[in-house]
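**Student:** Dropping a structure here in structure tokens format, bear with me for questions.
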Amino acid sequence: MTLRADDLVDRGLVPPERREEVRRVAARFAVAVTDEMAALIDRSDPADPVAAQFVPSAAELDADPGDLSDPIGDERWSPLPGIVHRYPDRVLLKPSLLCPVYCRFCFRRETVGQADGQAGAGTMLDDATLARAFDYIRARPSIWEVIVTGGDPFLLTSRRVGAIMRALGEIEHVAVIRFHTRVPIVDPRRVRPGLVAALASDKAVYVVVHVNHPRELTPTAREAVGRLTRAGIPLLSQSVLLRGVNDDPAVLEALFRGLVAMRVKPYYLHHPDLAPGTGHFRLGIDEGRRLVRGLRGHVSGLCQPNYVLDIPGGYGKVPIGISAATQGDRPGCWIVEDSAGLCHRYPPAADEPAAG
């Protein structure tokens with residue numbers, strides 16, 4: 001079951017005195033929470049990190065001068081409905097703009113869902129529009145990878161996912177098909193055998209799951225992820241660095257360790273985007289760098305994602321973590337910092353004693 005705005009009050013996830021507040025937010029941005037996520041919310045904790053992700057807050061109606069309706073510039077790179085072609089060798093394919101949950105920090109919150117979270121006109125590509133999207137990909141041999149996103153493509157029926165896979169599988173120059181989804185985490189029972197079978201292909205298929213807090217790694221999420229990994233599908237993760245959710249080294253460490261133990265490689269840790277009404281989630285890049293730096297030397301390299309920023313205006317995604325190497329005082333010389341904070345010259349000076 002998916003809970004809507006009034007359901008949150010009726011189920012005790014929001015106190016009755018906040019009903020009008022929730023309705024005001026829902027009139028502006030889509031609201032939906034799955035039973036799976038609702039069950040994780042600690043109703044006694046006003047700062048609960050799961051509630052912060054999914055339960056509307058009046059702070060979302062606060063305008064910030066830096067807010068952008070299209071924070072990563074999708075429109076600039078969208079030559080036709082359902083396609084975003086920002087990078088030469090890959091495209092986004094967005095067959096649906098519906099999600100099982102609507103994250104309160106979503107960078108596409110101006111386009112996904114509707115105010116009441118219900119399906120409606122414009123939330124799903126029709127067959128003709130989807131065919132034009134495939135024609136676009138087919139006509140451009142430079143496209144090596146197709147990233148199926150949205151919305152959440154795992155809300156599509158297995159039959160429709162299978163049809164997308166067959167169409168992309170027939171395009172010779174497409175070598176990699178990647179799905180970005182929240183479903184295995186927030187609505188894991190949807191990952192049924194039919195969906196897993198629909199993902200089968202001679203192409204390389206990857207699934208990237210979105211997860212932000214270790215409490216989201218529930219037993220049913222582990223089972224859903226296991227159904228995908230046992231089918232031979234490699235899994236990656238992406239997370240968003242969020243104030244009040246995971247801006248804590250211990251939380252990030254538990255999240256990334258938990259994912260790797262589930263055979264999911266942490267891929268991206270996103271700096272939050274400038275989406276409207278999300279200012280209360282944003283950290284400074286300096287804060288983010290300190291948090292990410294704290295992981296170095298404490299957790300396996302398998303547990304460390306790339307800390308990235310999508311440059312506003314559509315200029316692309318770039319790594320923004322602190323480099324351990326800085327230019328030294330002469331050509332070819334570098335100063336390299338180890339995980340304990342000690343600096344070393346590279347290559348060592350001729351008169352510098354070797355360690356040990």
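The values are calculated or read from the model by the stated rules, or taken from the named source; none is laboratory data. Treat the numbers as computed from the prediction; the structure is a model and nothing was measured. No Cβ is skipped: glycine too gets one built from the backbone with ideal geometry, and neighbour counts run over all protein chains shown.
**Student:** For Thr123, are the conditions met, namely being surrounded by fewer than 16 Cβ atoms within 10 Å (Cβ to Cβ), of a type in the set (Val, Ile, Thr) and touching a residue at least 24 places away in the same chain (Cβ under 8 Å)?
**Tutor:** No.
**Student:** Those residues that are farther than 16 Å from Arg293 by Cβ and aliphatic (A, V, I, L, M), I need them from the stretch 336-350; list them, please. Explain how you work it out, then say what you get.
**Tutor:** Step one: list which residues in the stretch 336-350 are farther than 16 Å from Arg293 by Cβ, which gives 344-350.
Hits for the stretch 336-350 are Ala349, Ala350.
**Student:** Just wondering, is there one or more residues in the stretch 167-180 that are touching a Leu at 6+ places or on another chain (Cβ under 7 Å), among the basic types (Lys, Arg) and assigned by TED's automatic domain parsing to the domain that holds Arg190? Let's see the steps before the verdict.
**Tutor:** Narrowing the stretch 167-180 to residues touching a Leu at 6+ places or on another chain (Cβ under 7 Å): 174, 177.
Filter again for among the basic types (Lys, Arg), leaving none.
Taking every residue of the stretch 167-180 in turn, none turns out to be touching a Leu at 6+ places or on another chain (Cβ under 7 Å), among the basic types (Lys, Arg) and assigned by TED's automatic domain parsing to the domain that holds Arg190.
**Student:** When the residues of the stretch 1-27 are narrowed to those that are among the basic types (Lys, Arg) and assigned to a loop (DSSP other than H, G, I, E, B), which ends up modelled with the highest pLDDT? Walk me through how you get there before you give the answer.
**Tutor:** Filtering the stretch 1-27 down to residues among the basic types (Lys, Arg) leaves 4, 11, 18-19, 23-24.
Of the ones still in play, those that are also assigned to a loop (DSSP other than H, G, I, E, B) are 4, 11.
On the way: Arg4: 88, Arg11: 92.
In this case the residue turns out to be Arg11.
**Student:** Which of the helices (runs of 4 or more DSSP H) found entirely inside the stretch 199-307 contain at least 1 residues meeting this: among the aromatic types (Phe, Trp, Tyr)? Step through it out loud before you land on a result.
**Tutor:** Details: elements: 219-230, 249-261, 285-293.
Fully inside the stretch 199-307 and qualifying: 249-261.
**Student:** Leu92 is checked against (1) among the aliphatic types (A, V, I, L, M); (2) part of a strand (DSSP E or B); (3) touching a helix residue (DSSP H, G or I) at 6+ places or on another chain (Cβ under 7 Å) and fails just one. What number does that condition carry?
**Tutor:** (3)
**Student:** Continuing with this model, one more query. Pick from Leu295, Leu252, Leu274, Leu269: which is out of contact with any helix residue (DSSP H, G or I) (no Cβ under 6 Å at 6 or more places or on another chain) and under 18 Å from His180 (Cα atoms)?
**Tutor:** On the way: Leu295 fails: under 18 Å from His180 (Cα atoms); Leu252 fails: under 18 Å from His180 (Cα atoms); Leu274 fails: under 18 Å from His180 (Cα atoms).
Just a single option satisfies the conditions, and that option is Leu269.
**Student:** A further question on this structure: Return a yes/no flag: does the stretch 332-345 have any residue that is at pLDDT 95 or above, of a type outside the set (A, V, I, L, M, F, W, C) and buried (at least 16 other Cβ atoms within 10 Å of the Cβ).
**Tutor:** no
**Student:** Return the total of residues in the stretch 308-337 being among the charged types (D, E, K, R), more than 29 Å from the chain's Cα centre (by Cα) and in a strand (DSSP E or B).
**Tutor:** Just the residues of the stretch 308-337 that are among the charged types (D, E, K, R), to begin with: 310, 317, 329-330, 337.
Filter again for more than 29 Å from the chain's Cα centre (by Cα), leaving 329-330, 337.
Adding the requirement that they be in a strand (DSSP E or B) leaves 337.
Looking only at that region, the number is 1.
**Student:** Now for a separate question. State all residues of the stretch 232-244 that are more than 14 Å from the chain's Cα centre (by Cα) and touching a residue at least 24 places away in the same chain (Cβ under 8 Å); if no residue qualifies, say none.
**Tutor:** As a first pass, look at the stretch 232-244 and keep what is more than 14 Å from the chain's Cα centre (by Cα): 232-234, 243-244.
Answer for the stretch 232-244, where residues must be more than 14 Å from the chain's Cα centre (by Cα) and touching a residue at least 24 places away in the same chain (Cβ under 8 Å): Ile233, Pro234, Arg243, Gly244.
**Student:** Still on this model: For Tyr315, state whether it is aromatic (Phe, Trp, Tyr), under 23 Å from Leu217 (Cβ atoms) and in contact (Cβ under 8 Å) with a residue 40 or more places away in the chain. Lay out the reasoning, then the answer.
**Tutor:** Values: aromatic (Phe, Trp, Tyr): yes; under 23 Å from Leu217 (Cβ atoms): no; in contact (Cβ under 8 Å) with a residue 40 or more places away in the chain: yes.
Answer is no for this residue.
**Student:** With the structure loaded, tell me whether Leu40 is at pLDDT 95 or above and closer than 30 Å to Tyr315 by Cα or whether it fails that test. Don't jump to the end; show me each part of the working.
**Tutor:** Working: at pLDDT 95 or above: yes; closer than 30 Å to Tyr315 by Cα: no.
No: the conditions fail for Leu40.
**Student:** Evaluate the stretch 244-254: report whether one residue or more is closer than 30 Å to Leu168 by Cβ, modelled with pLDDT of 95 or more, in the same structural domain as Val101 (by TED's automatic domain parsing) and surrounded by 19 or more Cβ atoms within 10 Å (Cβ to Cβ). Explain how you work it out, then say what you get.
**Tutor:** Initially, the stretch 244-254 is screened for residues closer than 30 Å to Leu168 by Cβ, giving none.
No, there is no match, as no residue in the stretch 244-254 is closer than 30 Å to Leu168 by Cβ, modelled with pLDDT of 95 or more, in the same structural domain as Val101 (by TED's automatic domain parsing) and surrounded by 19 or more Cβ atoms within 10 Å (Cβ to Cβ).
**Student:** Every residue in the stretch 79-105 that is among the hydrophobic types (A, V, I, L, M, F, W, C), out of contact with any strand residue (DSSP E or B) (no Cβ under 9 Å at 6 or more places or on another chain) and crowded, with 18+ Cβ neighbours inside 10 Å, please. It would help to see each step written out before you state the result.
**Tutor:** Taking the stretch 79-105 as the starting set, the residues that turn out to be among the hydrophobic types (A, V, I, L, M, F, W, C) are 80, 83-84, 91-93, 97-99, 101, 103, 105.
Filter once more, keeping what is out of contact with any strand residue (DSSP E or B) (no Cβ under 9 Å at 6 or more places or on another chain): 80, 99.
Cys99 - this is the single residue of the stretch 79-105 that is among the hydrophobic types (A, V, I, L, M, F, W, C), out of contact with any strand residue (DSSP E or B) (no Cβ under 9 Å at 6 or more places or on another chain) and crowded, with 18+ Cβ neighbours inside 10 Å.
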